[in-house]
Amino acid sequence: MPAPASNRSRARSADFGQWYLDVVRDAELASYSPVRGCIVVRPYGFALWEHVRDALDRRIKETGHENIYLPLLVPESLLETEAKHVEGFSPQVAWVTHGGADELAERLAIRPTSEAMVGAVYRDLIQSYRDLPVLVNQWANVVRWELRTRPFLRTAEFLWQEGHTFHASAAEAREEAERMLGVYREIWQDWLAIPTITGRKSEAEKFPGADVTLTGEALMGDRRALQMGTSHDLGSNFARAFDIRFLDRDNERRHPFGTSWGFSWRTIGAVIMVHGDERGLVLPPRIAPIHVVVVPIWRTVEERAAVEAAIAPVEAALRAQAVFGDQRIRVRVDRRDDVTPGYKFNDWELRGVPIRLEVGPRDVAAGTIVVAERLPATDGTGAKESVSVDHLPADVAARLERIQTRLLERSITFQRANTHRVSGWDELVDVNAAQGGFLVTGWCGSAACERDVQATTGATLRVLPFEGELEELEPPTACARCGAPASETAVFARAY
RNA sequence: CGGGGCGUGGCGCAGCUUGGUAGCGCACCUGCUUUGGGAGCAGGGGGUCGCCGGUUCAAAUCCGGCCGCCCCGACCA
């Protein structure tokens, strides 16, 4: 069967970067727009984001937070209030300078994030210890004037969630930052089927204005790392800068302690790069816009009628079937009559639909349906099977849950296989050049050594992992750069 | 921000070196045959060649300027 000349994805193994762009385009997740650095998220891509978003939104609410909405435009004087914050973000801020024809007296920043706005707003809303804790979140777009575009991973405008909280004590704020990183970790692992190494960022890598930045780092299919989301303990930095105070039980005025945490549509890029294969997208069932696609097969109008009649009750039964607790199976019957079944098989595989059902005259006669699973090509599984119509819904639900599990197992295996303990400078340089992946080593804590590693290898200090994150690896006891006793275990990697 | 590339029907591209009726694949429309792994044949519709200026009898093609986007590197979710 001859393939069309265009619209074929590049080989993943040959050119990972181009493969990524091809998958985004061919699976109809997103396209470029007339605006530099800004993408159009198409319905299939947005549905994917919505499933991730809804799962996270539920957990954010379950952990006691409420959603709000803050202004898009931030007066320059506000943005400048916290010194380190403005220093960190100023190179990336887009400015509104005119209203109509008139130049504004004060420029307005298009929010790169909302800490400054939160500070200004909650300065007035927080008066008493009874007003604490403040636990709010917003789903919003932000703009950071990026000089390089990669759909989902790096765009000038992107969608995310930013949580903001204030607490009466430093310990409570730290707990909150840790709690929300834990919530993120659940989503990454249980929904996106992506394992992460969680921990702290170094001073050089942390959020401008934060005391501590917590992060989750994942490994993409090309062995480069991706920061999946961050959670910041802001201490009382923003409260002091914005003069936020509360009157405590003892009648003393005190600054509250803040956190902020963000999770963006970049995670969609991670799903593509972690699970995708030579045939295109592979989606974890929990977030797949379509769980099951049904492809009818027929030649004559009589056959078509018989096949349609056989599909109707199957479709209804599948839609009624529970999966993953409270979800229902999401079914699409592909009734297009301008393309052949073969075309549809390839089309839905490219788009990562976990399960395909084929129903033709032979199946109708036998009371069966052909089931094919969309698993990574290397699994060697996914051959077609004939299944009786009777227990199809339960069978499909079980398969979806098994696929979800298998994808996670597979990505954990990949991460383990590409996490290397390196104990000295030569080994660090060699392993990074030869294999890439996560490089676990000792670090003396000095910024100079951190800089040297980056300058020489291109790998950055991704994370200082929490206790137990690398349980099977005994960390080196000396700094890989200078040989001094290590005060930290560090994970270096070339990153996106 | 440095380096490179590209702007030609909806999409992907060729044509430009050497100026002379704008072409190919996909998509689209009509008909017939097809349909269990990216269908075939026949006919058909659609483009002031990114913009401005210059050279020329004549510019997609040569010259100058501008704009835009993409890719590769330094910074960032």
Quiz item: Would you pick out the residues in the stretch A:134-149 that are surrounded by 15 or more Cβ atoms within 10 Å (Cβ to Cβ) and of a type in the set (Val, Ile, Thr)?
Solution: A:134, A:136, A:142, A:143
Quiz prompt | Subset of the stretch A:467-496 [touching a strand residue (DSSP E or B) at 6+ places or on another chain (Cβ under 8 Å) and either within 16 Å of RNA strand B (Cβ to nearest atom) or of a type in the set (Asp, Glu) (or both)] | solution = A:469, A:474, A:488, A:491, A:492, A:493, A:494, A:495, A:496
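Output the residues belonging to the stretch A:426-448 that are more than 27 Å from residue A:274 (Cβ to Cβ) and surrounded by fewer than 20 Cβ atoms within 10 Å (Cβ to Cβ). Even if it seems obvious, please write down each step before you answer.
Filtering the stretch A:426-448 down to residues more than 27 Å from residue A:274 (Cβ to Cβ) leaves A:426, A:442, A:444-448.
Of everything in the stretch A:426-448, those that are more than 27 Å from residue A:274 (Cβ to Cβ) and surrounded by fewer than 20 Cβ atoms within 10 Å (Cβ to Cβ) turn out to be A:426, A:444, A:445, A:446, A:447, A:448.
Residues of the stretch A:83-110 being part of a strand (DSSP E or B) and crowded, with 17+ Cβ neighbours inside 10 Å, which ones?
Initial filter on the stretch A:83-110 (part of a strand (DSSP E or B)): A:94-99, A:102-110.
Within the stretch A:83-110, A:107, A:108, A:109, A:110 qualify.
For the stretch A:426-477, how many residues are touching a Leu at 6+ places or on another chain (Cβ under 8 Å) and of a type in the set (S, T, N, Q)?
From the stretch A:426-477, those touching a Leu at 6+ places or on another chain (Cβ under 8 Å) are A:428, A:431-432, A:437-441, A:443, A:450, A:453-454, A:457, A:459; that's our starting set.
Now restrict to residues that are of a type in the set (S, T, N, Q): A:432, A:441, A:454, A:457.
Summing the residues that are touching a Leu at 6+ places or on another chain (Cβ under 8 Å) and of a type in the set (S, T, N, Q) in the stretch A:426-477 gives 4.
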Quiz item: Inside the stretch A:319-332, can you point out the residues that are modelled with pLDDT of 95 or more and at negative phi?
Solution: A:319, A:320, A:321, A:322, A:323, A:327, A:328, A:329, A:330, A:331, A:332
Quiz item: Filter the stretch A:221-264 for residues that are part of a loop (DSSP other than H, G, I, E, B) and among the polar types (S, T, N, Q); which is nearest to residue A:495 (Cα to Cα)?
Solution: A:236
Practice problem: Provide a single number: the residues in the stretch A:436-466 that are of a type outside the set (D, E, K, R), touching a strand residue (DSSP E or B) at 6+ places or on another chain (Cβ under 9 Å) and assigned to a helix (DSSP H, G or I). | Solution: 4
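Of the residues A:89, A:16, only one is within 12 Å of RNA strand B (Cβ to nearest atom) and farther than 30 Å from residue A:164 by Cβ; which? Spell out the reasoning first.
Working: A:89 fails: farther than 30 Å from residue A:164 by Cβ.
Only one candidate qualifies: A:16.
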Self-check item: Residues (surrounded by 13 or more Cβ atoms within 10 Å (Cβ to Cβ), more than 6 Å from RNA strand B (Cβ to nearest atom), among the aliphatic types (A, V, I, L, M) and more than 11 Å from residue A:294 (Cα to Cα)) located in the stretch A:335-366
Solution: A:364
Quiz item: What are the residues in the stretch A:19-49 that are more than 9 Å from RNA strand B (Cβ to nearest atom), acidic (Asp, Glu) and touching a residue at least 60 places away in the same chain (Cβ under 8 Å), if any?
Solution: A:28
Exercise. Residue by residue through the stretch A:133-191, note down the ones that are aliphatic (A, V, I, L, M), under 16 Å from residue A:49 (Cβ atoms) and more than 11 Å from RNA strand B (Cβ to nearest atom).
Key: A:140, A:187
Practice problem: Would you confirm whether any residue within the stretch A:412-435 is touching a Phe, Trp or Tyr at 6+ places or on another chain (Cβ under 9 Å), assigned to a loop (DSSP other than H, G, I, E, B) and without any contact (Cβ under 8 Å) to a residue 60 or more places away in the chain? | Solution: yes
Practice problem: Would you confirm whether any residue within the stretch A:64-82 is in a helix (DSSP H, G or I) and free of Cβ contacts under 8 Å to residues at least 24 places away in the same chain? | Solution: no
Quiz item: Of everything in the stretch A:192-220 that's under 20 Å from residue A:444 (Cα atoms) and part of a loop (DSSP other than H, G, I, E, B), which residue is farthest from RNA strand B (Cβ to nearest atom)?
Solution: A:211
Self-check item: Pair list, Cβ under 6 Å, 6 or more apart: the stretch A:342-358 residue farther than 16 Å from residue A:375 by Cβ, other residue more than 6 Å from RNA strand B (Cβ to nearest atom)
Solution: A:344/A:295; A:344/A:334; A:358/A:295
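Rundown of residues vs (1) farther than 21 Å from residue A:163 by Cβ; (2) modelled with pLDDT under 90, yes/no style:
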{"residue": "A:34", "(1), (2)": "yes, yes"}
{"residue": "A:40", "(1), (2)": "yes, yes"}
{"residue": "A:84", "(1), (2)": "no, yes"}
{"residue": "A:119", "(1), (2)": "no, no"}
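What tally of residues in the stretch A:268-293 results from selecting those that are within 11 Å of RNA strand B (Cβ to nearest atom) and touching a strand residue (DSSP E or B) at 6+ places or on another chain (Cβ under 6 Å)?
If we filter the stretch A:268-293 for residues that are within 11 Å of RNA strand B (Cβ to nearest atom), which is where we start, we get A:268-270, A:278-280.
Filter once more, so that each one left must be touching a strand residue (DSSP E or B) at 6+ places or on another chain (Cβ under 6 Å): A:270.
Matching residues across the stretch A:268-293 total 1.
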Practice problem: Mind listing whichever residues of the stretch A:22-35 are part of a helix (DSSP H, G or I) and closer than 18 Å to residue A:267 by Cβ? | Solution: A:23, A:24
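The values are calculated or read from the model by the stated rules, or taken from the named source; none is laboratory data. No experiment lies behind these values; they were computed from the predicted model shown. Please note: Cβ atoms are built from the backbone with ideal geometry, for glycine as well, and neighbour counts cover all protein chains shown.
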